[in-house]
1. Residue by residue through the stretch A:67-90, note down the ones that are touching a residue at least 40 places away in the same chain (Cβ under 8 Å) and within 8 Å of chain B (Cβ to nearest Cβ).
2. Of all residues in the stretch C:1-14, count the ones that are more than 28 Å from B:P10 (Cα to Cα) and at the interface with another protein chain (Cβ under 9 Å from one of its Cβ atoms).
3. Out of (1) touching a strand residue (DSSP E or B) at 6+ places or on another chain (Cβ under 7 Å); (2) open to solvent by 40 Å² or more (accessible area, probe 1.4 Å); (3) not basic (K, R), what's the single condition that is false for B:E76?
4. Are any of the residues in the stretch B:471-479 touching a Pro at 6+ places or on another chain (Cβ under 6 Å) and surrounded by fewer than 24 Cβ atoms within 10 Å (Cβ to Cβ)?
5. So which residues in the stretch A:294-318 are in a helix (DSSP H, G or I) and surrounded by fewer than 24 Cβ atoms within 10 Å (Cβ to Cβ)?
6. Among A:D56, A:D44, A:D80, which is surrounded by fewer than 24 Cβ atoms within 10 Å (Cβ to Cβ) and within 25 Å of the chain's Cα centre (by Cα)?
7. How many residues are within 7 Å of another protein chain (Cβ to nearest Cβ) and at pLDDT 85 or above when one looks only at the stretch C:15-44?
8. Between a residue in the stretch A:133-161 that is farther than 18 Å from A:G186 by Cα and any residue that is open to solvent by 10 Å² or more (accessible area, probe 1.4 Å) and modelled with pLDDT under 95, which pairs come within a Cβ distance under 7 Å, given they are 6 or more apart or on different chains?
Amino acid sequence: MELLIKNGFVYDPINGIDGEKMDIAIKNGKIVESVHPQKAKKIDATGLTVMPGGVDIHCHIAGAEVNTGRMLRPEDHAKDFERKTAITRSGVGYSVPSTFTTGYRYSRMGYTTIMNPSMPPLEAKHTHEELNDTPMLDKATYPLLGDWWFVLEYLQKGDLTECARYVAWMMDTAKGYAIKIVNPGGLEAWGFGRNVHSIDDQVPDFGITPREIVRGLAKVNKMLNLPHTIHLHTNNLGVPGNYVTTLDTMKCLEDLATGNKPVAHITHMQFSSFKGDGWGTMSSAAEEISKYINNHNHITLDMGQVIFTDTTTMTADGPFQYTLYELSGHKWVNHDVETETSAGIVPFRYRRKNVVNATQWSIGLELALLIDDPWKIFMTTDHPNGGPFIAYPKIIAWLISKKARMATLKKTHPKAQKRSLLPSIKRELSLYEIAVVTRAGQAKALGLKGKGHLGVGADADVAIYNINPEKIDISQKYKTVRRAFSNSAYTIKGGKVVVKDGKILQHVDGCTMWLDVKTAEQFKVDEEIKRKFREYWTVEYENYPVTDHYLKISNPITVKASV
Amino acid sequence: MPIVNAVTCPVCGCLCDDIELTVENNEVVKVKNGCAICESKFLGYKSEHRTRKPLIRKNGELVEVPLEEAIHKAAEILANANYPILYGWSSTSCEAQRVGVELTEEIGGVLDNTSVVCHGPSILSIQEVGIPSCTLGQIRHRADLIIYWGCDPWSAHPRHLERYTTFTEGRFEKSDWKGYLQKVKAAAGKKKIKSALRRGVVKHPSEHMLKPETMSGPPPTMMKEGRKLIIVDVRKTMSAEIADYFIQVEPNKDYEVMQALRALIRDQELDVDKVDGVPVEYLEEVADAMVRCEFGILFFGLGLTMSAGKLRNIDVAISLVRDLNMRTKFAIMPMRGHFNVTGANVVFTWQSGYPYAVDFSLGYPRYNPGETTVMDILLRKESDASLVIASDPAANFPRKAVEHLVKTPLIVIDPHMNATALMGDVVFPSAFVGIEVGGTAYRMDHVPLPLKKVVEPPEGILTDEEILKRILEEVRTIKSKKTESS
Amino acid sequence: MVEEKLRVTLLTGRTIEQGVGKERGKGSKEYFEAVSMCYMDAGDMKKLGIKNNTNILVSTENGSVVVKAVKYPRAATPGIIYIPYGPWANVICSNKTSSIGMPSFKGTPAEVEPARDKPLLTMKELLKSEFGR
């Protein structure tokens, strides 16, 4: 199948292309040099913007925690539904959409790859079953390892090699893509209702600190040569004054950096950038964090932008979610997973007239605009924690247009307006930079070779938007840009045209990517391991792994470890 | 004689996955590690009460027909129905449940599972209040206070205590087997003394050998180290016999007792002497134990969901546990009955957004228990066709609901000729999930586990998944023919 | 003094015998014996002059059914009777769903009287008489 996208304004930052008028040729699902000029199907992209398909590095869309959130919120679904058509399955939204709807909505915005960031390994089969039912997208998921007893014990012993071998085993067993760490040490403490409050607090019963966990896993990540860095949700998330913990965390990894390669990705940074000593004095630490990031190269991050709406918070950070329940009085779900991790869910409404929420909204944008290098900070809402992913076009509008963000700022609480740094920030992102923060940069940080760019050999995942950069000033016409990014002119997945003018043309299934980590020694399963398994978990060793049965379309990525 | 290890038992919500089977000549001949119900299933599934061929009711009697004829008849019924209901789902695999959602969406019917007569009220409660919970391993490792309220694990989830709670070893808590044995010995000893006294053999019993009927303080077992077990029920069940503390409440009065506990754990005083027959001192002991523990867990069952108040009983139970988290670590978990009812809830939710009672008649999922629950639809006589799979409503629904089920065309998919199948219009024999066909099931704590195929199904018997897929295909064919001709 | 009828509260639910029986097959002897019976308090049985393992008639506002009375082996439960889940229980249990789909399977007011001469139907006979099939 050959396809030729003619004459569009192409933005391909990984290959340095900034709005050049050029053709993109596709054959058999890949970008190629050229195709047969007559035989190939053509798309006339004159006057349109052509970008690689969107890549989302962090969105909660599948698994136990997400599904419990779905079940928790029938009131959220009742107001937002999708009918069955001849081509698409029915479903519901709004902040925790059902799986088919999730796939369709991302695709209509031009997204083609998404990463599900929180998978409890014991329940990995559930995550993969849901990913199988999420159409239109290629996906991967990160197993939660920061409080896994095996990790805590081997790191405490100082046995990095054994720890690395078990992490490699877990990647294969859970079919995961990266090491996810959430409130390291805090989740184990939460098993008895406690928490940790600094990176040097002792984790009860395990004799290890968050600093040691993070450093240990960063080293393990390097030893295993994993394509992404450790993916980290910091301690003290959501606590006023927590920027100190965030800076401590970033500083403790400085000596592990080699060259300009990052060693950690800190996710939804907005929630970890609070100054103050209580909610009354809470304010933005975006300046401090940005300054640090501008002077160091070993951290990438994503925004975690807040949207003023009714949404559902869900993270593996059990103790934080409990605090959120105490603050809001909303219904609260807690789900601790034996030996491994935790989860918490609380519906939450972000209000313009609430000083704290308005400050949070400002923080996300401040971070994105004060950090000079767009390859370091990516656009996310930590869906659905900050807001639903369908609000991404709104964020793009705020990033490219001072007018847009000032219009929203003016509607927020006066105190927050006064404190916000946004009035003093002139910077407006270009379409090229938007391509970085919504696709190229995310793919690069993830180490996904075939995604996020349109060079020869890349996967043929393309998004075409109704924006003519020669005809409109995007910072003035931000509403046009917002509409364009909400409903793509075309979305192409694996060389197939799947969306036109925001409508699904065909239901396709993407693949599930996972790491096949090859260590020097094969992992031997003996009676000793099986016995330990029975001691630690309530399932048999044999029933624990995610077998091929659970991956509809499996895409293993071989990684050669250095252990 | 091949031995198959790590088999997951397909009976109850415990989903024990350490069953060891010995298979000989395509038959299970020995079961190791399973409880009585597990053994009964693995050894008894090949009974004479099994359908071998599809059946259609002709002239009042069920007769054997070829598969194609039965598929076509079933598809016709469903494709032409205005408001069909597809019910059951709790004893089949997630793979089959997924086809069920697709089929219901295709015909614009109502999709419901056995939660409606089991823990539906619990789900409604969770949707209002949330739920602080965990996986069963957390309890095994950490729980030193275990409460079963309105459920009888000894009868319904026999290995629950030995696998997950009181009688199991955890990282932070030891098993209470020794304590239990001592209690049994003491009880046996007490019986001997009582009998000796009756016979006049012992003339001067010393104080400690006779326990007074009414306790003036907490039973000594409540003050011990290690795991403690409290049972709350309306009658003294088998589980209650092994408890450290048993509280008997009056039927339909659990709500008041729970609210009383909520007040007590907040250090509020009660103005009354008794709450529904339970002396306040007993409740104070329980409240004390709850607040003092390191990790407590409250399991609850149909004693709460089915008695007066229904979901409100669960509301207050969850609120009690949630409030306890202000003072210590506490969790709550419903005791799910069927081995894959949790799976049905999970699959329905991720595909449609709703856990049960999903109405597709308007072309998109709608959810309104009381209106879209199959029980109410049957009681109001609104449905005009039914497909029942992996459940037996004729044996579990009130008479009036079953009447309407039987009056309208009824398709049944089940391995056994159960009560519903006996009254069906089209009956499909299917393979036993977890014995003759593999698949996935979800445990009561939402942990997914694989089910194994250990023997071949009898010749000609298909799996639930295959039967549903064929019916779906045939429905689509019939519908496209209808649109062609119109 | 032997009374004629007794007002009780009807509970329905699981027993291990019902569980074992249902796995053998709903048509099996084990299932039949497990679910066509009713646990009664020994004191209540004495009041009505009911001997262990004889038939009784249980009635609610929804209907009546003949089941076999069995003495409850554990502590006293005066005023409470317990019929395991199954077609017999369903003839008489409440169908009031409180608008949430869940019938009141536990805690229904009922009346019990001895019925030594009334026969205990097989499952097929019971289904036929209740539903005509």
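The values are calculated or read from the model by the stated rules, or taken from the named source; none is laboratory data. Remember, predicted model here, so these are calculated numbers, not experimental data. Glycine gets a Cβ as well: all are built from the backbone with ideal geometry, and neighbour counts include every protein chain shown. Keep in mind that these areas ignore ligands, DNA and RNA; they rest on the heavy atoms of the full protein, side chains included. Shrake-Rupley method; radii C 1.70, N 1.55, O 1.52, S 1.80 Å.
1. A:N67, A:T68, A:L72, A:R73, A:R89
2. Filtering the stretch C:1-14 down to residues more than 28 Å from B:P10 (Cα to Cα) leaves C:1-10.
Adding the requirement that they be at the interface with another protein chain (Cβ under 9 Å from one of its Cβ atoms) leaves C:9.
Adding up the residues that qualify gives 1.
3. (1)
4. Initially, the stretch B:471-479 is screened for residues touching a Pro at 6+ places or on another chain (Cβ under 6 Å), giving none.
For the stretch B:471-479, residues touching a Pro at 6+ places or on another chain (Cβ under 6 Å) and surrounded by fewer than 24 Cβ atoms within 10 Å (Cβ to Cβ): absent.
5. Within the stretch A:294-318, the subset in a helix (DSSP H, G or I) is A:294, A:318.
Matches in the stretch A:294-318: A:N294 only.
6. Working: A:D56 fails: surrounded by fewer than 24 Cβ atoms within 10 Å (Cβ to Cβ); A:D44 fails: within 25 Å of the chain's Cα centre (by Cα).
Being surrounded by fewer than 24 Cβ atoms within 10 Å (Cβ to Cβ) and within 25 Å of the chain's Cα centre (by Cα) holds for just one of A:D56, A:D44, A:D80, which is A:D80.
7. Of the stretch C:15-44, the ones within 7 Å of another protein chain (Cβ to nearest Cβ) are C:15-16, C:19-20, C:23-28.
The next check asks that each one be at pLDDT 85 or above; those that pass are C:15.
Qualifying residue count for the region: 1.
8. A:T161/A:V563
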